[in-house]
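> If you scroll down you'll find the structure; I have some questions about it.
The values are calculated or read from the model by the stated rules, or taken from the named source; none is laboratory data. None of the values given here were measured: they were computed from a predicted structure. Cβ placement follows ideal geometry from the backbone for every residue including glycine, while neighbour counts extend to all protein chains displayed.
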Amino acid sequence: MGLSAPVMSTLKTPEAIRGTQDIFGADAEAFAHVAETFERIRKLYRFRRIEMPVFEKTAVFSRSLGETTDVVSKEMYSFDDRGRESLTLRPEFTAGIARAFLTNGWQQHAPVRLATHGPLFRYERPQKGRYRQFHQLDAEIIGAAEPQADVELLVMADQLLKELGVADDVTLQLNTLGDASSRDAWRTVLVEYFMAHRDSLSEDSQERLERNPLRILDSKDPRDKELTRDAPQIDDYLSGEAQDFFGKVTQGLDAASVEYVRTPTLVRGLDYYRHTAFEFVPEPDSPAAKKMGSQSTLLGGGRYDGLIETLGGSPTPAVGWAAGIERLAMLVGDQAADPVDAAIVPIGDEAMTRAQSIAAELRRAHYTVEVFASGKLKKRMSRANEAGALAALIIGEDEIASGTVQFKDLLSGEQQALKPDEVLEPLMELTTARAMKDLESEVADLARLIDEDS
Ligand code: AMP
């Protein structure tokens, strides 16, 4: 019977949703590297891992973020479920975490240091670095009123960016919005000032003036920027207490050698911020800024002492930040997958069974193993080399007959016939030698850094 021609499907494949991404290959490795680095660092700072629902009742977000914010008024994915309840795919982590703090009685653990990461959803105009489903790293301290908490979160963010190797052209912009009374007093004079110049504002900012006047300060429109330059500054309205708080934050950053730039026009988009507000932003025209396209912020956050009350809790101080995983991943560059320790190359069916047994044994001993099962021998050996394998374990007819494998050291080219249970020792020697070499080069890098610093 002849082979029939493949049947072409007439069904049209559905497209992925606009603004979502399927992440694969080097991009997926970079993404995983960002998440793993965050996991490692949050443990150094003793943040507890939490897992949160991807959707919440809509009120969780509309009440805490403020009805007038862009996120609530334009960007939420809200829908009625089959029980006619309005639900929303989370557009940010903080509000859901605050809800969980209250509904689970996490007050008993306060102050709690919480960390998580995962997908978020905002109906934004998609472009490079801006998606409708994106992912964030998130760190929050709830129930801590002291500036020490702000400092620790900032030092942790700084360490994360440094360890990811993306800190070079990135600046920490820092501001204070004062306590509630400072913020309100400043807001009143800002509104008066912008009202007096209403006609010179951009159309968007004229609308902001009604709904969310602080946002005029971070407008990119040249007309707004011009007016913002002479606008009243928060510093003139800070209460003594608010000044003292901010002073302690900056002292803490100095003590921990974290550099920052005071940025009086920095306001965060959401209503609930008080005191400290910050963003890590690439310097204009730097290689990092170019890679990120027109999207500028890598990581942002601040103190949100007013939020828990909007959800019906008692006044609870809190501070946190979030960083875009895709944006960080764009900057970390190619991350090689972990190299293979042993490549197994079986020739023939019987050899395949043997390969499976040896592969299982080695993986149980925590070696990274890949079986190269098909294709010409030469091709398979070159794929093993590309995967960074230290040794190839070749199993052909002769090896089946003698109950051995050919153990080939891929660096020296030396080859020997070994019984399967003799493989572990030379493999351990090779992996230990590689680990030592890696360590030496890390130490050399560190020495170079120290040298440059001094
Ligand atoms: P935000 O919650 O808006 O303060 O954002 C915190 C961080 O999340 C930003 O600095 C970005 O790195 C990232 N981010 C926010 N919105 C998006 C988006 N639509 N696409 C990709 N990353 C985003």
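> Given the structure, is residue 367 among the aromatic types (Phe, Trp, Tyr) and away from the ligand (no atom under 16 Å from the Cβ)?
Taking the combined requirement at face value, the residue satisfies it.
> Condition first: more than 30 Å from residue 331 (Cα to Cα) and either in contact with a Lys or Arg (Cβ under 9 Å, 6 or more places away or on another chain) or part of a helix (DSSP H, G or I) (or both). Can you find one or more residues in region 39-56 that meet it?
Yes.
> Does region 332-353 contain at least one residue that is within 16 Å of the ligand (Cβ to nearest atom), modelled with pLDDT of 90 or more and under 24 Å from residue 125 (Cβ atoms)?
no
> Looking at region 287-307, which of the residues that are more than 9 Å from the ligand (Cβ to nearest atom) and without any contact (Cβ under 8 Å) to a residue 60 or more places away in the chain is surrounded by the fewest Cβ atoms within 10 Å (Cβ to Cβ)?
290
> Now for a different question. Output the number of the condition that residue 206 fails; it satisfies all remaining conditions of (1) free of Cβ contacts under 8 Å to residues at least 12 places away in the same chain; (2) over 24 Å from residue 72 (Cα atoms).
Residue 206 satisfies every listed condition except (2).
> Could we say that residue 225 is part of a helix (DSSP H, G or I) and charged (D, E, K, R) here?
In short, yes.
> Also, quick follow-up: Here is a list: 452, 440, 397, 422. Which entry is surrounded by fewer than 17 Cβ atoms within 10 Å (Cβ to Cβ) and in contact with a strand residue (DSSP E or B) (Cβ under 9 Å, 6 or more places away or on another chain)?
Going through 452, 440, 397, 422 in turn, just one is surrounded by fewer than 17 Cβ atoms within 10 Å (Cβ to Cβ) and in contact with a strand residue (DSSP E or B) (Cβ under 9 Å, 6 or more places away or on another chain): 422.
> Looking only at residues in region 64-86 that are of a type in the set (Ser, Thr, Tyr) and part of a loop (DSSP other than H, G, I, E, B), which one is farthest from the ligand (Cβ to nearest atom)?
68
Conditions tested, residue by residue: (1) at pLDDT 95 or above; (2) crowded, with 17+ Cβ neighbours inside 10 Å; (3) closer than 26 Å to residue 274 by Cα; (4) of a type in the set (Phe, Trp, Tyr).
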| residue | (1), (2), (3), (4) |
| --- | --- |
| 24 | no, no, no, yes |
| 27 | no, no, no, no |
| 33 | yes, yes, no, no |
| 40 | yes, no, no, no |
| 43 | yes, no, no, no |
| 48 | yes, no, yes, no |
| 53 | yes, no, no, no |
| 56 | yes, yes, yes, no |
| 64 | no, yes, yes, no |
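> Name the residue that is modelled with the lowest pLDDT, counting only residues in region 371-415 that are farther than 15 Å from residue 430 by Cβ and hydroxyl-bearing (Ser, Thr, Tyr).
374
> Tell me the residue from 284, 232, 317 that is away from the ligand (no atom under 15 Å from the Cβ) and either outside the structural domain of residue 130 (by TED's automatic domain parsing) or aromatic (Phe, Trp, Tyr) (or both), please.
Step by step, each of 284, 232, 317 is checked, and only 232 is away from the ligand (no atom under 15 Å from the Cβ) and either outside the structural domain of residue 130 (by TED's automatic domain parsing) or aromatic (Phe, Trp, Tyr) (or both).
> Could you list all residues from region 320-360 that are more than 30 Å from residue 433 (Cβ to Cβ), out of contact with any strand residue (DSSP E or B) (no Cβ under 6 Å at 6 or more places or on another chain) and either among the aliphatic types (A, V, I, L, M) or in the same structural domain as residue 372 (by TED's automatic domain parsing) (or both)?
328, 329, 330, 331, 348, 349, 350, 353
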